Amino acid sequence: KISYQRISDFERFEENPSIKNLQFVEEVVDEDAVVEKVFNKDTDKFTKIFEPAHSNLQLLSNAGLRVLVYFFNVMKPNKDTIIFSINDCKKYTGYTSNVNVYRGLGELLNKQFLFRMKDVDTMFFLNVTYFFNGRREKLFA
């Protein structure tokens, strides 16, 4: 049986409580010793989800969402390809059989979150108009 909590049961905050958990590393960029830039760099791994993905995200099943989150976890910064491991995906998603993993993977292909790579069954292209880890302009460098 699923239990429900009323919205009014949840604590209220005056400030965003998640901000206190953020950690940053200060980096200094020396551009030819003319100007020195100091900025904070976020140390947490992140994945940007772009607006074109929003409508398809809400259509994914539980299997599709779980496999998508697995891909978010194994993405490498500034890369538009990803290596897929059925065993790693099962471990990450908690699935014990291949059926739900392949069902989720099929959904991601059908909704164009991923594209199959020619000649390599375990590698996929990311739809970088849907999600990306890093700066997409680096794909053209």
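Any chance you could count how many residues in the stretch 112-141 are touching a Leu at 6+ places or on another chain (Cβ under 8 Å) and under 13 Å from I49 (Cβ atoms)? Selection size over the stretch 112-141: 5.
Specify which of the listed residues (F71, F39, F24) is within 21 Å of D121 (Cβ to Cβ) and either modelled with pLDDT of 95 or more or of a type in the set (F, W, Y) (or both).
Step by step, each of F71, F39, F24 is checked, and only F71 is within 21 Å of D121 (Cβ to Cβ) and either modelled with pLDDT of 95 or more or of a type in the set (F, W, Y) (or both).
Across the stretch 103-117, the number of residues qualifying as of a type in the set (G, A, S) and touching a residue at least 40 places away in the same chain (Cβ under 8 Å) comes to 1.
Considering the stretch 118-133, and only residues there that are open to solvent by less than 40 Å² (accessible area, probe 1.4 Å) and free of Cβ contacts under 8 Å to residues at least 60 places away in the same chain, the residue that is farthest from the chain's Cα centre (by Cα) turns out to be F124. Entry remark, the stretch 78-100: residues being open to solvent by less than 80 Å² (accessible area, probe 1.4 Å) and in contact with a strand residue (DSSP E or B) (Cβ under 7 Å, 6 or more places away or on another chain) number 4 in total.
The values are calculated or read from the model by the stated rules, or taken from the named source; none is laboratory data. Since we're looking at a predicted model, the values are computed, not measured. Glycine also receives a Cβ, built like all others from the backbone with ideal geometry; neighbour counts cover every protein chain displayed. With ligands, DNA and RNA removed, areas are computed over all heavy atoms of the protein, side chains included. Shrake-Rupley method; radii C 1.70, N 1.55, O 1.52, S 1.80 Å.
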